[in-house]
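Undergrad: Have a look at this one before I ask anything.
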Amino acid sequence: MPLTPETLSRHELVGLDVEVVAASNPDAVGISGAVVVETTQTLTIEGADRVWHVPKDDATFAFDVHGQRVRIEGEKLVARPARRTENSGDSKWR
């Protein structure tokens, strides 16, 4: 399945450029860089000068997908990365 704005939540996020556009912690808003690690609850974002660990369920993210900014609620990303990419119905592996 190709990476499109509609299928973003089903794909590997590591390596994608991302920005935190809303969060319960106002200090997290504006964090941007590349996703370097994804866990069940967090995204680790490497910026130009430091690395941040941002909780998924407390933030809204804007990913760069083929030159398009795609906003997604972090709540939709909370899951083990392998499970999140397998679920949602049309996986040929389940």
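Undergrad: Mind checking the full-extension length gain between Glu46 and Asp27? Use 0.36 nm per residue of separation minus the Cα-Cα distance, one decimal, nm.
TA: Once the chain is fully extended between Glu46 and Asp27, it gains 5.3 nm.
Undergrad: May I ask you to compute the full-extension gain from Val37 to Glu73, defined as 0.36 nm times their residue separation minus their alpha-carbon distance, rounded to one decimal in nm?
TA: 11.2 nm
Undergrad: At q = 0.11, 0.15, 0.20, 0.23 Å⁻¹, what log₁₀ I(q)/I(0) does a Debye calculation on the Cα points of the chain give, no solvent, two decimals?
TA: Here the Debye-derived log intensity ratios amount to -0.28, -0.53, -0.93, -1.22.
Undergrad: For Asp17 paired with Asp58, estimate the spin-label separation in nm (one decimal), with each label point 7 Å from Cα along the Cα-to-Cβ line.
TA: It works out to 2.7 nm between the two label points.
Undergrad: Mind sorting Leu3, Leu16, Leu77, Leu43 by how few other Cβ atoms lie within 10 Å of their own Cβ, fewest first?
TA: Result, fewest neighbours first: Leu3, Leu16, Leu77, Leu43.
Undergrad: Tell me, what is the percent relative contact order of region 5-84, built from C-alpha pairs under 8 Å that lie six or more residues apart?
TA: With pairs under 8 Å counted, the relative contact order is 28 percent.
FYI, it's all coordinate maths here, none of it is from the lab. Quantities reported herein were computed from a predicted structural model and do not represent experimental measurements. In this analysis, Cβ positions are derived from the backbone assuming ideal geometry, glycine residues included, and neighbour counts consider all displayed protein chains.
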